[in-house]
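Just below is one structure, and these are the notes that go with it.
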Amino acid sequence: MGLGKWIGGVMGFMALGPLGALAGYAIGSLFDTATDAERASAGNGRNDDPVTTAAGQRNSFLFSLLVMASYIIRADGKVMHSEMEFVRNFLRQQFGEQAVAEGQQILLHLFEERKRMEQRDPQAFRNTIRSCGAQMADYLSQEERLQLLNFLVMIAKSDGSVCSAEIEALKEVTVAMGLQLQEIDSLLHLTGDSLEEAYKVLEVDASATDEEVRAAYRKLALKHHPDKVAALGEDIRKAAEVKFQQINAAKERVYKARGMK
């Protein structure tokens, strides 16, 4: 994935707004490293080309993830090696080796931009994140935003625990992207193996009726179905499959405890 194509895809898809502004800051200084050929290919893509559109959507999802990841990683005031390594591995697996160095540079630029903004106003970057979330809600589907949020949870968990500051940051991002708090609570408990956690995954209380549990699962299965994020690429769809399997495992625990079929 050439950097010029990345820039073209991101900027072409997002156009203006806070994400575009952050993209301009984070990527602009790296633009000189792109080759003339990459610049030309980024600028010559037609908006009505399905391949170009899909690449733009995928790259925009990636940049949105990096913006929000920069907020989650620094939520506790420090950058953990395990979290950065998780992001590097994610970029390598999902987008290829070249994306690792480019994505890391973008993250570092975002960290610097946060520092610069907060020197003027401690709330400035937080407000920008909220505005970015609103923009994401406009151009990413609910299912895509949920998959992005799941990746953020995985980043937060990568050091073995999720501190209170990270949970609060995840909640902020959840609300900013137009999602419900119960959805982040569900994702935070996906890897749990207790019955209590299984209920949280299904977004219902233990006092719910069997029919309410069935309805909750059907609703969850619809919005987390892997096919709903297929446009972002096969690798991201496969990641969504893992999440879907975890949801089904939680459902089976609840159904078994209740004697449901």
If you check A215 against the conditions, is it of a type in the set (A, V, I, L, M, F, W, C), farther than 20 Å from E241 by Cβ, open to solvent by 40 Å² or more (accessible area, probe 1.4 Å) and assigned to a helix (DSSP H, G or I)? yes
Taking the stretch 196-212 only, how many residues are of a type outside the set (K, R) and outside any loop (DSSP other than H, G, I, E, B)? 9
Would you point out which residue out of R116, R92, R88, R120 is among the basic types (K, R), out of contact with any Leu (no Cβ under 9 Å at 6 or more places or on another chain) and open to solvent by less than 60 Å² (accessible area, probe 1.4 Å)? R88
Hey, does the stretch 247-260 have a residue that's part of a loop (DSSP other than H, G, I, E, B), under 17 Å from N150 (Cβ atoms) and not β-branched (V, I, T)? no
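Conditions (1) modelled with pLDDT under 85; (2) open to solvent by less than 50 Å² (accessible area, probe 1.4 Å); (3) out of contact with any Gly (no Cβ under 8 Å at 6 or more places or on another chain), marked per residue:
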position: S29; (1), (2), (3): yes, no, yes
position: R46; (1), (2), (3): yes, no, yes
position: A55; (1), (2), (3): yes, yes, no
position: S70; (1), (2), (3): no, yes, yes
Among residues of the stretch 129-169, those that are of a type in the set (V, I, T), in contact (Cβ under 8 Å) with a residue 60 or more places away in the chain and either in contact with a Cys (Cβ under 7 Å, 6 or more places away or on another chain) or open to solvent by 40 Å² or more (accessible area, probe 1.4 Å) (or both), counted: 0
If only one of D193, D185, D235 is at pLDDT below 95 and in a helix (DSSP H, G or I), which one is it? D235
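Matching residues to (1) within 28 Å of R130 (Cβ to Cβ); (2) touching a residue at least 40 places away in the same chain (Cβ under 8 Å); (3) not charged (D, E, K, R):
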| site | (1), (2), (3) |
| --- | --- |
| L195 | no, yes, yes |
| L202 | no, yes, yes |
| E212 | no, no, no |
| A216 | no, no, yes |
| P226 | no, no, yes |
| I236 | yes, yes, yes |
| K243 | yes, yes, no |
| N248 | no, no, yes |
| V254 | no, yes, yes |
In a helix (DSSP H, G or I), under 26 Å from F61 (Cβ atoms), among the β-branched types (V, I, T) and open to solvent by less than 50 Å² (accessible area, probe 1.4 Å): is that true of V175 in this structure? no
Test A101 against the criterion of being farther than 24 Å from V242 by Cβ, among the hydrophobic types (A, V, I, L, M, F, W, C) and out of contact with any helix residue (DSSP H, G or I) (no Cβ under 8 Å at 6 or more places or on another chain), and give yes or no. yes
Kindly establish whether L181 is touching a Ser or Thr at 6+ places or on another chain (Cβ under 8 Å) and free of Cβ contacts under 8 Å to residues at least 24 places away in the same chain. yes
Residues A34, A101: which one is at pLDDT below 90 and open to solvent by 20 Å² or more (accessible area, probe 1.4 Å)? A101
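The values are calculated or read from the model by the stated rules, or taken from the named source; none is laboratory data. Predicted model only: the values in this text are computed from it and were never measured. Note: ideal-geometry Cβ built from the backbone for every residue, glycine included; neighbour counts use all protein chains shown. All accessible areas refer to the heavy atoms of the entire protein, side chains included, with ligands and DNA or RNA removed. Shrake-Rupley method; radii C 1.70, N 1.55, O 1.52, S 1.80 Å.
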